[in-house]
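Note sheet for the following structure.
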Ligand code: AMX
């Protein structure tokens, strides 16, 4: 058995019996109460799911297996120039709860390279779509089309034991993650570069090869991809893309079907599509003001106008966070180090000064601070990746790492079909 799978199997077996014993002894202990506001308010804050790979604190932000983003940047094995963390290492950490060594990360890189062949019919399925199909739609079609290769579906069909579900889920996860950069780069090149595709370079790491296939070979862009694909990977289980993957997976749909469902959730403007909306909003603002360097007063007026027209300010606010998102801050740090003085980045930083007090003054916005999506577009634009309808695909390639590692855990821990209770307003009224 491969070393990661072996480690995962040992850890999962141990935790599964621990959970069994805990449930036996404390199964009826109460952890939450549900208010009417939560029933009507998108189930905010209700504790009702287990997600081992990461946990979100409203003030501190995300921790992956206990490690904050600055700690990950320090401790995870890095790319060839030793600057930014390799997402392969984060995947290892999320799956088995240990920071991997350089050798272990190199092993993941090589595994993924060896599993990265995309079936020919996936390219054909993509080529059958109109070229202006939204890249996220192409992405979910491509992921679903690879389901024909699911190990889980094949073994289920053959009559696999419940105790072994985790094994083909792990195999599907490794194969799927390995293929995503090729699929995502294919979508980019077909949509924006006349189908002029770039062959993979398997000597590069997962992010470096992705950057290469996008057509961006600079060392700095490769570093941006390493950071980007690390920080977008997971945000505990309740966000829409994670929760959707989890819900669909709980029906024993395999990793391909579960991830493509999760990606459809990521494609919504209140979730992952916000990264395209942010840069679109900034470009529209610059065009309408007729300058690349607006003043804070000009930005404030544009923000007020956006709000007055009944729209949200994209990249600001969060369902859980109550402070600037550490993923925003990590990208700000990257910009300060690599591209200080860039016009669009300067605009993003001015917006960071201007928007929070305005949102606060509305009195209803629970979190006036920027989220991950407020910064990412400006970095991509700097390196020439200006086609913003593509941005959520980058988010999706990264998000796959967390939601699929979590899917492996869900099957290993024997989690059941998810089925919360719904009620009617008539029922609610009868209780008051
Ligand atoms: N601009 C204007 N109004 C906002 C706002 C923003 N950025 N964020 C929240 N509000 C409004 C809400 O629309 C809501 O108004 P309503 O009562 O009139 O309907 C009110 O403030 C209360 O909302 P909330 O409890 O603070 O937020 P929420 O948990 O319901 O929603 C989120 C969270 C992210 C959907 C919301 O902040 C938003 O729409 N932000 C802009 C879109 C965005 O950046 N999404 C990306 C989030 C991160 C991610 O998933 N990638």
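The values are calculated or read from the model by the stated rules, or taken from the named source; none is laboratory data. Note that the structure is predicted; figures quoted are calculated from it, not measured. So basically every Cβ, Gly included, is an ideal-geometry build from the backbone, and we count neighbours across all protein chains shown.
It is to be established whether one or more residues within segment 245-266 are surrounded by 24 or more Cβ atoms within 10 Å (Cβ to Cβ), farther than 30 Å from residue 170 by Cα, modelled with pLDDT of 95 or more and out of contact with any strand residue (DSSP E or B) (no Cβ under 7 Å at 6 or more places or on another chain).
No, there is no match, as no residue in segment 245-266 is surrounded by 24 or more Cβ atoms within 10 Å (Cβ to Cβ), farther than 30 Å from residue 170 by Cα, modelled with pLDDT of 95 or more and out of contact with any strand residue (DSSP E or B) (no Cβ under 7 Å at 6 or more places or on another chain).
Could you check segment 203-217 and list, in sequence order, the residues that are assigned to a helix (DSSP H, G or I) and without any contact (Cβ under 8 Å) to a residue 24 or more places away in the chain? Lay out the reasoning, then the answer.
Taking segment 203-217 as the starting set, the residues that turn out to be assigned to a helix (DSSP H, G or I) are 206-214.
211, 212 - these are the residues of segment 203-217 that are assigned to a helix (DSSP H, G or I) and without any contact (Cβ under 8 Å) to a residue 24 or more places away in the chain.
For segment 2-31, which residues satisfy the criterion of being in a loop (DSSP other than H, G, I, E, B) and surrounded by 10 or more Cβ atoms within 10 Å (Cβ to Cβ)?
Of segment 2-31, the ones in a loop (DSSP other than H, G, I, E, B) are 2, 27-31.
Within segment 2-31, 2 is the sole residue that qualifies.
Within segment 56-105, can you find the residues that are closer than 24 Å to residue 166 by Cα, touching a residue at least 24 places away in the same chain (Cβ under 8 Å) and surrounded by fewer than 16 Cβ atoms within 10 Å (Cβ to Cβ)?
Hit for segment 56-105 is 98, nothing else.
Select the helices (runs of 4 or more DSSP H) contained entirely in segment 333-432, then report the ones holding at least 1 residues which are under 20 Å from the mean Cα position of the chain (by Cα) and touching a residue at least 60 places away in the same chain (Cβ under 8 Å).
373-382, 391-412
Please go through (1) within 13 Å of the ligand (Cβ to nearest atom); (2) crowded, with 21+ Cβ neighbours inside 10 Å; (3) within 12 Å of the chain's Cα centre (by Cα) for residue 321 and return the number of the only condition it doesn't satisfy.
(3)
Which of the residues spanning segment 274-298 are outside any helix (DSSP H, G or I), surrounded by 12 or more Cβ atoms within 10 Å (Cβ to Cβ) and either touching a helix residue (DSSP H, G or I) at 6+ places or on another chain (Cβ under 7 Å) or at pLDDT below 95 (or both)? Let's see the steps before the verdict.
First pass over segment 274-298, keeping only residues outside any helix (DSSP H, G or I): 290-295.
Those still in the list that are surrounded by 12 or more Cβ atoms within 10 Å (Cβ to Cβ) too: 291, 294-295.
Selection gives 294 alone.
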